[in-house]
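Asker: Input: one structure, supplied below.
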Amino acid sequence: MEHTKHIWRAAFLLIAVLTFVIVGRHFLVPKSFGQAGYYRYDALFEHMDKEPRHGAPDACADCHDDIAAAKASGKHAPVQCEVCHDVLSSHIKDGDKFADMRINRNWELCAYCHQRLVGRPALIAQVDIREHLELASGQAIPAEACVQCHDKDAIHHP
């Protein structure tokens with residue numbers, strides 16, 4: 001029985017670690033954790049207090065009704081304005097324009113929906129971009145390749 005002191009030391013160490021974990025968890029885990037799932041419930045209210053960055057689907061039509069009407073009858077009617085433009089909060093604050101709206105004219109944005117993919121629905125126009133632009137193998141695709149021919153009128157109108 002002279003070697004039992006090692007067992008007692010290990011048991012004491014285990015009890016000390018468990019006590020530290022239980023006490024530490026009590027002080028480190030927020031009280032709202034787990035109230036409505038595996039997250040801190042109070043975080044919902046913190047996010048609700050933040051000012052929204054995105055606008056409602058029809059928010060742009062308040063000032064741009066002519067463009068919204070053309071878009072509504074166009075092929076891109078279901079696409080929200082903020083897909084190609086920046087978020088509304090970078091353009092409008094408290095109902096007033098404070099900056100110009102940025103527009104993403106990069107071909108990669110168009111390719112996100114229009115690049116030929118086997119699994120993509122046939123009702124969405126698909127193109128092989130290199131073939132469509134008649135580019136040689138290894139030739140870089142120009143940044144604004146799509147909007148050079150497909151201008152804003154072609155995008156908004158049917």
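Every read-out reported here was derived from the displayed coordinates using simple, explicitly stated rules and does not represent laboratory data. On a predicted model such as this, the values are computed, not experimentally measured, just so you know. Please note: Cβ atoms are built from the backbone with ideal geometry, for glycine as well, and neighbour counts cover all protein chains shown.
Asker: Go ahead and set up a Gaussian network model of the chain, Cα springs under 10 Å, then flag whichever of 108, 131, 144 fluctuates most.
Answerer: Per the Cα network of the chain with a 10 Å cutoff, 131 tops the list.
Asker: In the Gaussian network model of the chain, springs joining C-alpha atoms below 10 Å, which of 146, 63, 84 carries the largest mean-square fluctuation?
Answerer: 63
Asker: Compute the long axis of helix 4-28 from its Cα atoms, compare it with the longest principal axis of the Cα atoms of the chain, and write down the angle in degrees, 0 to 90, nearest 10.
Answerer: It is inclined by approximately 40 degrees.
Asker: Per the helix-only calculation at 222 nm, which mean residue ellipticity applies to the chain, given -39500 (n - 2.57) for every DSSP H run of n ≥ 4 and division by its residues, nearest 500 deg cm²/dmol?
Answerer: The helix contribution divided over the chain gives -11500 deg cm²/dmol.
Asker: Hey, of (i) 21.6; (ii) 17.2; (iii) 15.4, which did the structure itself give for Kirkwood radius over Cα pairs in Å when calculated?
Answerer: (i)
Asker: If each of residue 77 and residue 98 carries a label point 7 Å out from its Cα toward its Cβ, how far apart are those two points in nm?
Answerer: It works out to 3.5 nm between the two label points.
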